[in-house]
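Since every read-out is calculated from the coordinates, none of them should be taken as a lab result. Only a predicted model underlies this, so the values are computations on that prediction, with no experimental measurement involved. Heads up, the Cβs are rebuilt from the backbone with ideal geometry, glycines too, and the neighbour counts pull from every protein chain shown.
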Amino acid sequence: MKKTTQLWIFTALIMLFNLFIFLTKVGGERLLLYVSDLLPVLCAIVAFIYLFKAYQQFKEFDFAKTSWLLTFIGVGLFFVAESIYALLEIGLGNDMNENFPSIADYVWCVGYIPLFSGMALMFYGYKKGGFPMGNTKVYGFLSVVIAIIAFAVIVFLLIPIIKDDETDLLSKVFYLYYPVGDVLLVIPALILMYITSLFGRSTISMPWRLLALGYICFTVADLLYSYLSWQDLYGSGNLIDLAWNFGYLSIALAGSYQMELMKSLNERVDL
Amino acid sequence: MTTYNNTYAQQIYSVLSPLVGEFMAKGVLKSQVQRIGKTEEAIVKEDLPHLADGICKGLVVFVGTDVAQKVAAKIKSF
């Protein structure tokens, strides 16, 4: 069985397990807390490993290798942040809503920088390569979609948080950083999603497609987290955990597809 | 499945389509021949290095320089 097929099965099992624990609450609040905190650590380390394997397949330090390295570093920082969060909540028994922002939040915020840079570099490299960019009308439509998302985030999340007198300045900075970072990350993700749609179901576009899907999952989860956390409604075992876990595993699958693509091309005798 | 009346165009398309898909292979070939001021049906052997370099440049971001150069070398060898 191919590595990618195994990873798809692993992804399905993790999602089903996560959903089962969330819906049945079997094992009570304690198990829910463990699953909520430890599954993202597991999913992040899987993504970290597969991104490293993909990165290793490139021989020369070019656009492709640099963008995969940046993605690898970004997910690595997310893995560190997930581990710190789990340690603080499970190991030290901290109330994460009371202690917001924690050290984990600082690491997460730094992690956005290489993730965004890697994605932007992929888009820049593609544009520089001179391959077809697609229909300009679609870019117009994407601009409208992004403008609507940005408007909704500003009106329903950013402005109310800024006006909130009960939230201290440092917390406000972090509550605002996540949605802004996510909107910035989702712009190149949506564009790459469209570009890869031009390639049909070809293997060359699968890694980019899954990377974009992973970032979109992060964005949805983070926007909901920012809102729920600010309203003190976020608790362990929330349904949005599934989006984070699936986001990590989508990125792991992207790494796996890239690794298999590179291996198959290097082994092709007709090239 | 696209077919061309030009042997070189057909060969380039045959190399690209398993890699980037049929629709994109057609688009890439079209954009590259337009870049050198020609049509797919008018490609001659002397055009191959220019087309190969353009295709290589576009593939780098997906598969890295090493593999992209292999594809370019294959196109130049037609």
Anisotropy class of the range A:108-248 from Cα gyration tensor, a/c 1.5 cut:
prolate
So how strong a dipole does the range B:7-76 carry about its Cα centre when Lys and Arg Cβ are +1 and Asp and Glu Cβ are -1, to the nearest 20 debye?
60
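Ranking request for peptides A:142-149, A:254-261: highest mean number of other beta-carbon atoms within 10 Å first, then the rest in descending order. Walk me through the numbers on the way to the answer.
Numbers: A:142-149: 12.8, A:254-261: 24.8.
Sorting A:142-149, A:254-261 by mean packing, highest first, produces A:254-261, A:142-149.
Using a simple charge model, +1 on the beta-carbon of Lys and Arg, -1 on the beta-carbon of Asp and Glu, nothing else, what dipole does the protein assembly as shown show about its Cα centre, in debye to the nearest 20? Let's see the in-between values first.
Values: 25 positive and 27 negative charges, 362 e Å.
That gives the protein assembly as shown a dipole magnitude of about 1740 debye.
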With a point put 7 Å past each Cα toward its Cβ, work out how far A:GLN231 is from A:LEU142 in nm, to one decimal.
3.2
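Taking each pair of distinct Cα atoms in chain A once, what is the resulting Kirkwood hydrodynamic radius in Å? The partial results should precede the final answer.
Working: mean 1/r = 0.0512 Å⁻¹.
About 19.5 Å, per the Kirkwood formula over Cα pairs.
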Roughly how crowded by other chains is peptide A:125-133, in terms of the mean Cβ count from those chains within 10 Å of each of its Cβ atoms?
6
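Where Rh is the Kirkwood radius over the Cα pairs of the range A:61-101, the temperature 4 °C and the viscosity 1.567 mPa s, what D in µm²/s does Stokes-Einstein return?
Working: Rh = 11.9 Å.
Answer from the Stokes-Einstein relation: 109 µm²/s.
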Quick one: Cα centre-to-centre distance for the range B:28-44 and the range A:135-191, in angstrom?
42
0 to 90° range, to nearest 10: angle between helix A:241-267 axis and chain A longest Cα axis
20
Between A:GLY181, A:GLY200, A:GLY111, which gets the highest mean-square fluctuation from a Gaussian network model of chain A, Cα cutoff 10 Å?
A:GLY200
Could you work out which residue, out of B:VAL28, B:VAL15, B:VAL63, moves most in a Gaussian network model of chain B, that is, has the largest mean-square fluctuation with Cα springs under 10 Å?
B:VAL63
What percent do you get for the relative contact order of chain B when only Cα pairs under 8 Å and 6+ apart count?
30
Selected from A:LEU77, A:SER102, B:ILE43, residue furthest toward positive end of dipole (the protein assembly as shown; charges at beta carbon)
B:ILE43
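Kirkwood hydrodynamic radius for the range A:27-173: how many Å is it when counted over pairs of different Cα atoms?
Numbers: mean 1/r = 0.0542 Å⁻¹.
When all Cα pairs of the range A:27-173 are included, the Kirkwood radius is 18.4 Å.
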Lysine pair count for the range A:60-190 [Cα-Cα under 23 Å; pairs on different chains or 8 or more apart]:
5
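Using only alpha carbon pairs under 8 Å that are at least six residues apart, calculate the relative contact order of chain A and give it in whole percent.
Details: 300 pairs, mean separation 78.9, N = 271.
The value is 29 percent.
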